[in-house]
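*Asks:* The structure follows.
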Amino acid sequence: MKIGLIGLGIMGKPMAKNMLKAGCDLTVSDLNKAAVEEVVAAGAKTTSNKEIGETCDVVMTMLPNSPHVKSVMLTPETGVVNYMKAGQVFIDMSSINPVASKEIAAALAEKGVEMLDAPVSGGEPKAIDGTLSFMVGGKQEIFDRYQPLLETMSASVVRCGEVGAGNTTKLANQIIVACNIQAIAEAFTLAQKAGVDPELVFQAIKGGLAGSTVMNAKGPMMMEGNDKPGFKIDLHIKDLNNALDCAHTVGAPVPMTAEVQEILQWLHNNGCGQNDHSAIAKYYEHLTGIKIGR
Ligand code: NAD
């Protein structure tokens, strides 16, 4: 099976290397020539997006957002779909708007090309370790055929429904993470203003109902003032924009998402876009003049 991967950024590059380690026949492309050279040195071939579309059984993408995936795949005359034929499969691993996933799938279906939307959670360390979590949308039989390929990069692969379900699940994940970080920052701020050490609050409650993976990862970062990403504020803004857009399309109320998005936007406007999303704490520090835990 010939695999083509377009997009070798923070995530795509280590994911490509893990496919190569698993023995995949992989051809790659990216606008960034240094990234391409690094993956070719690890055993991949490289060619144009056109030839990837013409020659690969499965075309994969790992690009920033919906407009990039639409542009690479659907641009009239030059988009990859123009070179694909019935029987080939497209797997988009980017985190994009599920509404866009469905539009792309519909355009591909006209040519007899099936699609899975398969975004990941886990970030760069898990992309390197090959322990990402895939959340996948698409037909069961296509999922069954390509699950082993996704397993070369991951610890978990779950089919969540038809096309778009993967990215809908990813948006749910991003809403829960952002709101959880905001709740932790707000609660730690309250504790400190009331004269209680947030570190002791954390120690006392982390094993109870309020405890979470998010609290264990982000609580200590807030108290250390450590904003090294991790997951960047600007990427989270992108995901929550997609969540708001999707929510407005399907008529889902998302007031908490709207509020935390405003905070993230304030942080972006104040030079924190490249900080870890735990820097939501800085918004509360700005309002109160305290430094949480310090
Ligand atoms: P990135 O910006 O590091 O990489 C994107 C790559 O796409 C770049 O190398 C860029 O050159 C390439 N690219 C853009 N347009 C292109 C085109 N027209 N043709 C060929 N290549 C093109 O992004 P990333 O961090 O690797 O993220 C990719 C996706 O994974 C995003 O949707 C992101 O939200 C998601 N994601 C990221 C993380 C993370 O921690 N970084 C975690 C989970 C999911």
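Throughout, read-outs are computed from the coordinates displayed, never taken from laboratory work. Treat the numbers as computed from the prediction; the structure is a model and nothing was measured. With ideal geometry, Cβ positions are generated from the backbone for all residues, glycine too; neighbour counts draw on all protein chains shown.
*Asks:* Of all residues in segment 117-146, which are acidic (Asp, Glu) and within 14 Å of the ligand (Cβ to nearest atom)? Spell out the reasoning first.
*Replies:* Initially, segment 117-146 is screened for residues acidic (Asp, Glu), giving 117, 124, 129, 141, 144.
Answer for segment 117-146, where residues must be acidic (Asp, Glu) and within 14 Å of the ligand (Cβ to nearest atom): ASP117, GLU124, ASP129.
*Asks:* Now a separate question. Failed condition for GLY230, given (1) buried (at least 18 other Cβ atoms within 10 Å of the Cβ); (2) free of Cβ contacts under 8 Å to residues at least 24 places away in the same chain, with all others met?
*Replies:* The single condition GLY230 does not satisfy is (2).
*Asks:* What do you reckon, is SER133 within 15 Å of the chain's Cα centre (by Cα), surrounded by fewer than 18 Cβ atoms within 10 Å (Cβ to Cβ), of a type in the set (S, T, N, Q) and closer than 29 Å to ALA252 by Cβ? Give the steps one after another, and end with the answer.
*Replies:* Numbers: within 15 Å of the chain's Cα centre (by Cα): yes; surrounded by fewer than 18 Cβ atoms within 10 Å (Cβ to Cβ): yes; of a type in the set (S, T, N, Q): yes; closer than 29 Å to ALA252 by Cβ: yes.
Yes; evaluated as a whole, the condition is true for this residue.
*Asks:* Starting from segment 257-286, keep only residues that are under 23 Å from THR213 (Cα atoms), then list their pairs with residues that are among the polar types (S, T, N, Q) whose Cβ atoms are within a distance under 6 Å, requiring at least 6 positions of separation or different chains.
*Replies:* If the second residue must be among the polar types (S, T, N, Q), the pairs left are VAL260/GLN182; ILE280/GLN182; TYR284/THR189.
*Asks:* Please work out if GLU103 is in contact with a strand residue (DSSP E or B) (Cβ under 8 Å, 6 or more places away or on another chain) and more than 16 Å from the ligand (Cβ to nearest atom). Quick ask: steps written out before the conclusion?
*Replies:* Details: in contact with a strand residue (DSSP E or B) (Cβ under 8 Å, 6 or more places away or on another chain): no; more than 16 Å from the ligand (Cβ to nearest atom): yes.
Judged against the criteria, GLU103 is not a match.
*Asks:* If you don't mind, there's one more thing I want to ask. Quick check on segment 71-82: of everything there that is surrounded by 18 or more Cβ atoms within 10 Å (Cβ to Cβ) and part of a helix (DSSP H, G or I), which residue is nearest to the ligand (Cβ to nearest atom)? Lay out the reasoning, then the answer.
*Replies:* Of the residues in segment 71-82, the ones surrounded by 18 or more Cβ atoms within 10 Å (Cβ to Cβ) are 72-73, 79-81.
After this cut, where a residue has to be part of a helix (DSSP H, G or I) as well, the list is 72-73, 80-81.
Working: VAL72: 5, MET73: 10, VAL80: 10, VAL81: 14 Å.
Only one residue fits best here, namely VAL72.
*Asks:* Residues in segment 248-265: is at least one buried (at least 16 other Cβ atoms within 10 Å of the Cβ), within 13 Å of the ligand (Cβ to nearest atom) and on the phi < 0 side of the Ramachandran plot?
*Replies:* Start the filter on segment 248-265 by keeping residues that are buried (at least 16 other Cβ atoms within 10 Å of the Cβ), which leaves 254, 257, 260-261, 263-264.
From what is left, the residues that are within 13 Å of the ligand (Cβ to nearest atom) are none.
Looking for residues that are buried (at least 16 other Cβ atoms within 10 Å of the Cβ), within 13 Å of the ligand (Cβ to nearest atom) and on the phi < 0 side of the Ramachandran plot, one finds none in segment 248-265, hence no.
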